[in-house]
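Quick note: the coordinates plus some simple rules give every number you see, no bench work behind them. For clarity, every value in this text was computed on a predicted model and none was experimentally measured. Cβ coordinates were reconstructed from backbone atoms using ideal geometry, including for glycine residues, and neighbour counts include every protein chain displayed.
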There are 2 protein chains.
Amino acid sequence: MSKKLHNFNAGPSVLPKNIFEKTSKSILNLNESGLSILEISHRSNQFKDIFSEARELVLNIAKLDSNEYSSLFLQGGASTQFLMVAYNFLYNNAGYINTGSWSAKAMKEAKLFGNVIELASSKDKNYNYIPKNYNNTSDLDYVHLTTNNTIYGTQFKSIPNFNQSIIADMSSDIFSRDIDYSVFDLFYAGAQKNLGPAGTTLVVIKKEIIKKIQREIPSILNYKIHIDKDSSFNTPPVFSIYACLLNLREIKTKGLESIESDNKTKADILYDEIDNNSCFVGFVENEDRSNMNVTFNLTDNNNSEIFEKICKESGVIGINGHRSVGGYRASLYNALQIGSVEVLVTCMKEVESLINKK
Amino acid sequence: MSKKLHNFNAGPSVLPKNIFEKTSKSILNLNESGLSILEISHRSNQFKDIFSEARELVLNIAKLDSNEYSSLFLQGGASTQFLMVAYNFLYNNAGYINTGSWSAKAMKEAKLFGNVIELASSKDKNYNYIPKNYNNTSDLDYVHLTTNNTIYGTQFKSIPNFNQSIIADMSSDIFSRDIDYSVFDLFYAGAQKNLGPAGTTLVVIKKEIIKKIQREIPSILNYKIHIDKDSSFNTPPVFSIYACLLNLREIKTKGLESIESDNKTKADILYDEIDNNSCFVGFVENEDRSNMNVTFNLTDNNNSEIFEKICKESGVIGINGHRSVGGYRASLYNALQIGSVEVLVTCMKEVESLINKK
C-alpha cells in the first residue's frame, strides 16, 4: 500500500516517524552492539543507561526535582493505577471528579479501599463538559481527576486548586502542553498516546507521600517498592521503555511550549471547520474542548456513508467515535502532523460541498 | 561490531533471528498495511487477528481444548501472577513447593490472603535440588510450584501428582518440552524467555476454576474479567504480543517434541563438559538439572579472570551467575543455537588446557 495514511487513532496511536525507524533498527542491532533491543538483559549496562536516561528525562521535561519526585515505568496501564492509587493512599475518604468513563472506572476500583466521594460530575450532559464547582473537600486522602477524557473529548484547561494531594490520570494528554506538573503529588499515563507504544505506564510520584501508606500492600502494587527498586522490582518492558526514551528525547528537544502551540494550532483548525461546516457539529462545550481528542457528529447521520467513503479515499483512518458518544473522534496527539488535520478538513469540506450540491 | 555474539542471558534473552527480522519490519510496515505495529489500534481488525491467532496457538501447542481453557496475555510479569493467584484462589490454605527465590516470592504475596503451607523445600542445600517428598496435602485450595528455577538451575523433570488444583509458574521453561499441560488448572509465564520480548505475561487458566472465586477482586487482578473480556480488559501490549505470535508459529511448526529433543541435546553437551572438565563443577544434583539454565562454578575461583577473558573473546555473553549461586549460568532457551553451546564448551576446554599447562 503506497498511499499515505493519516492515523487519528485514540491510542495506540501515531508516533514520530523517526521513532519507527530507530526502534526498527534497534531490533536488528542496538547501537552497534550486535544485539537486539529485544534480547538484552534488563540488568545490562545497555539497558540501565536507557532506563536511567528515560526516567531522568521525564522529570526534566516536567520540571520536577529528582530529590522530590520519582519517575517509574510500570506495567498494567492506567487501569492498574486506578487500583494502586487507592490501595496505597485511600484509607478514609477520597474525592473523585467524574468526567466520564475513565474517572468512573477509577472510582469503581477505589471503592474497595475506602469511601469515594464524587466531588463533581458531568454525567447530566453525557460528560460533554468539565465540571467547575466541587462539593466540600475537607478531610480527603486525595483528589483524583482525569486531565483529559479520551472518549468524550473534554480537557481540564487548568488544574483546579485543592488543599489536598492531587492525583491525576494524564494518559491522553501528558507532555502535550506546558503545565505546572508540580501541582500533582502523583500523575500517571499509559504510554500508548503521547509517550510510546502500548506496554508501559509512566508514574511520577512525590516521594514524601510514600509515608502516608498505612496498610500492607502486595509488592507489585506498592509504590514504595517500585521507588526503592528504581522501577526494576521485576523485569521492566524493555522495548516499550526504549521507544519512550526516543520519544522523550524528541519532546525535550522540541519543548513543551512549542508542542503545546502546535497542538493548539491543529485543534483550532479542526474545531474551526466543525463550527463552520454545516454538516458537522461538535460534541463538547467550547471552553472544555480537548486539544487531544476532537469529538464531533454529522448534523445528518444519513451523510455518514459519504463522509466515511471520502475519508477512506484520502487515507484518513481511526476516526470512529467511541460507542458512548457516537459519531467521530479525531485524536491529535503530538506526533500527528498538521498536514493530516488538513487532509481531514478537506474531507469535511468535500462532504459539505457535495451535500449542498444535492 | 561484526563478531557473532552468543547470548546466554537468563531473560530477556535470545529469540529466533527471523523474529528480529519480522518484528523490525513490522515497525516500518505491518503486513503491507502502511501502518506500524506500534501505531495500530488494539481494537483494529489487524490486531484482533494477531491476538486471536496467538491465543489459539497457545492452547493448540499445549494440546488444550478452548472450551475448557482460556489463554490470556496480561502484563506485570510472574510477580503479578504471584499476587493474582492468591487473590483469586486462596481462601484457607494453599500448598507451595519452595524451590528457591521465585517460589519464596510467590509465597510472600500469598500470605496476605490465607495460610501458606510449605509442602517441601530445598533450602537446606541452597536449593540445589528438587524436593521429592511433600507434607500432608489435604484441604488445600491449590498447590503452587515453579517448574524451573532460573536462578538455581533446577527443573521438575515430571510434575508431581496432587489431588488438588496445581498452579505452575512456568516462566523459564514453558514450551521448552513436551509435557502434559492439562495437569495444571493454571499456568503462567513471563514472556521474556521462551515466548518473546519482555512486556507480556502468558496465563492459561481452566475456565471452571473461576467459580472458586469468593471475594471481590479489583478488576485488573480478576481472572474472570480477563477471560470475559477476551484478554482485552485494557489495552494489551500490542508489540510484545505480536512478537510472541511470530514465535508461537515457529514453536507450532517445529513441535514441542522436537524442541525438547534439541534442548536436551544442548544441555547434555554442556553438562558433559562440566562433568568432564577438571576446572568446572555443576551446582545442581544431577537428576534435577535444568535443561534451560545450566549453573556451574569454577573449581578454583582464581581462574575466573582467564575464563571470562576467553568467553569475551569468543563472543560469549550473559553467563554470570545470579548472586545467590555465584559462578556461572548459561541459559539455553529454545532460540539458543547448538553452535553457541559448542562455542562455550570450547571456551571451557581452553581454560582447562591453559591451566593444565601451568
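Database remark: amide H of A:N293 closer than 5 angstrom to the amide H of A:L332 (H placed geometrically; neighbours at sequence offset of 5 or more, or on other chains; Pro and chain starts carry no H). Between A:S232 and A:S52, full extension at 0.36 nm per residue minus the direct alpha carbon distance yields a gain of 63.7 nm. What separates the B:S66 label point from its copies, with the point 7 Å along Cα to Cβ, is 4.8 nm, written shortest first.
In nanometres and ascending order, the distances from the B:S138 label point to those of the other copies are 5.9 (point 7 Å from Cα along Cα→Cβ).
For segment B:94-170, trypsin sites (Lys or Arg not before Pro) are listed when DSSP marks them as loop and at most 16 other Cβ atoms sit within 10 Å of their Cβ; the list is B:K111, B:K132, B:K157.
Across segment B:298-312, computed HN-Hα scalar couplings (Karplus, 6.51 cos²θ - 1.76 cosθ + 1.60, θ = phi - 60°) run 6, 5, 10, 5, 5, 8, 4, 4, 5, 4, 5, 5, 5, 4, 4 Hz from first to last residue, x flagging Gly and Pro. Excluding same-chain neighbours fewer than eight residues apart, the lysines reachable from B:K125 by a Cα-Cα span under 20 Å are B:K105, B:K157. Backbone phi angles across segment B:131-137, fed through the Karplus curve with coefficients 6.51, -1.76 and 1.60 (θ = phi - 60°), yield HN-Hα couplings of x, 10, 10, 10, 5, 2, 10 Hz in residue order; Gly and Pro are listed as x. With helices as the sole contributors, chain A gives -11500 deg cm²/dmol at 222 nm; each DSSP H run of n ≥ 4 counts as -39500 (n - 2.57), and the sum is divided by every residue.
Pairs exceeding a 21 Å alpha-carbon distance, out of A:K224/A:K254; A:K123/A:K206; B:K206/B:K229; A:K25/A:K63; B:K111/B:K132; A:K4/A:K266: A:K224/A:K254; A:K123/A:K206; A:K25/A:K63; B:K111/B:K132. If R0 equals 45 Å, the separation of the Cβ atoms of A:D272 and B:S33 corresponds to a calculated FRET efficiency of about 0.90. Using alpha-carbon positions, what is the distance between the centroids of segment B:73-134 and segment A:238-292, in Å? Cα centres, segment B:73-134 to segment A:238-292: 47 Å.
Work out the FRET efficiency for A:N93 and A:E68 from their Cβ-Cβ distance, taking R0 = 25 Å, and round it to the nearest 0.05. Efficiency at R0 = 25 Å is approximately 0.45.
The GluC sites (Glu not before Pro) of segment B:211-282 meeting both criteria, a DSSP state outside H, G, I, E and B (loop) and at most 12 other C-beta atoms within 10 angstrom of the site's C-beta, are B:E216. In order along segment A:255-264, the Karplus-derived 3J(HN,Hα) couplings, from 6.51 cos²θ - 1.76 cosθ + 1.60 at θ = phi - 60°, round to x, 5, 4, 5, 4, 4, 4, 5, 5, 5 Hz, and Gly and Pro are given as x. Inter-label distance, A:D178 to B:I213: 4.7 nm, where each label sits 7 Å from its Cα along the C-beta direction. Placing a label point 7 Å from Cα along the Cα-to-Cβ axis, A:K17 is separated from the same position in the other copies by 3.2 nm, shortest listed first. Model label sites at B:K254 and B:K123, defined 7 Å from Cα along the beta-carbon direction, differ in position by 3.7 nm.
Between B:N286 and B:N115, the modelled label-to-label distance comes to 4.1 nm, taking each label 7 Å out from Cα in the direction of the beta carbon. Its relative contact order, with pairs defined as Cα atoms under 8 Å and 6+ residues apart, puts chain B at 23 percent.
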